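Reviewing the structure listed below.
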Amino acid sequence: MEPKTHKYFSIPAKYSGSSVEDLELNIQKYGDNVVRMQLLNRVHSKQCGAQLKRFILLAGLAFTYYGLVLTVGEEGSAKIQQAHMLYPGVLWLVLAFKILRTTLDLVHSEKIFYSWDMALQTETVRTFGRKSVCCVQRGHLHDIVLNEVIENLDVKYMLILRTKGSMFKERPIIPLFNLLVK
């Protein structure tokens with residue numbers, strides 16, 4: 001069967017007034033009991049580019065600051081243990097780590113492959129192709145529910161997977177398509 005494609009706005013894009021849909025949902029049915037859904041972040045490269053610009057700006061500010069401190073200060077007076085050298089350096093490293101961590105956590109796509117006879121498999125692809133896969137066997141599936149959640153005085157709908165058996169002890173609820181829709 002031919003895949004069906006739908007384009008949507010994420011919640012941040014909707015509130016920012018974006019005119020271009022940033023999410024794309026592809027649904028492919030392979031038979032009566034098998035379906036594959038993929039939610040694709042269409043603006044992933046723009047988000048990575050914005051993080052790169054932030055990092056370059058931060059690095060430029062750090063190099064400018066240290067260049068001025070080393071050239072304006074007396075010769076031999078600038079040491080790394082001094083407060084005007086240490087505190088900005090630590091601040092720069094913390095901000096650089098935060099930007100890098102945010103970039104690595106950006107989600108490119110989320111996929112669900114569901115087979116009634118076997119299992120449900122979720123796959124999340126992040127920046128640089130990192131994948132995380134979760135598979136729930138059919139015997140551990142209790143229900144798939146569309147749930148309402150109120151967050152910051154806003155009603156959000158979440159697709160969740162309820163588990164049972166030994167999987168319930170580890171993860172009683174598994175949110176589906178939650179990372180991109182936030």
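Positive contributions from Lys and Arg (+1) and negative ones from Asp and Glu (-1), summed over other residues with Cβ under 15 Å from the Cβ of Thr163, come out at +3. In the chain, the portion of solvent-accessible area held by carbon and sulfur atoms comes to 61 percent [1.4 Å probe, whole percent, DNA, RNA and ligands not counted].
Mean projected area of the convex hull spanned by the Cα atoms of segment 102-175, taken over all viewing directions: 6.1 nm². Entry comment: accessible area of the chain is 69 Å² per residue, from protein heavy atoms only and a probe of 1.4 Å. Here the simple spin-label model places points 7 Å from the Cα toward Cβ, and for Phe168 and Cys135 these points are separated by 2.4 nm.
Short-range pairs are left out: with C-alpha atoms under 8 Å and at least six residues apart, the relative contact order of the chain is 17 percent. Cα convex hull, segment 1-47: 80 Å³ per residue, rounded to a whole number.
Volume per residue of the convex hull around the Cα atoms, evaluated for the chain, comes out as 178 Å³.
Checking the table Lys7/Lys131; Lys46/Lys98; Lys111/Lys169 against a 20 Å threshold on Cα-Cα, which pairs fail?
Lys7/Lys131; Lys111/Lys169
Close amide H contacts of Arg42 (hydrogens built in the peptide plane, cut-off under 5 Å, sequence separation of 5 or more or a different chain): Leu23, Glu24. For the pair Ser16 and Asn147 in one chain, pulling the backbone fully straight at 0.36 nm per residue adds 44.7 nm over the alpha carbon distance.
Quote to one decimal, in nm, the extra length available between Leu100 and Ala50 on full extension: 0.36 nm per residue of separation minus the C-alpha distance between them. List each step's numbers first, then the result.
Details: separation 50, 0.36 × 50 = 18.00 nm, distance 1.17 nm.
Residue separation times 0.36 nm, minus the Cα-Cα distance, leaves 16.8 nm.
The values are calculated or read from the model by the stated rules, or taken from the named source; none is laboratory data. Predicted, not measured: the structure shown is a model, and the values here were computed from it. Using ideal geometry, Cβ is built from the backbone for each residue, glycine included, and neighbour counts are taken over all protein chains shown. For accessibility, only protein heavy atoms count, side chains too; no ligands or nucleic acids. Shrake-Rupley method; radii C 1.70, N 1.55, O 1.52, S 1.80 Å.
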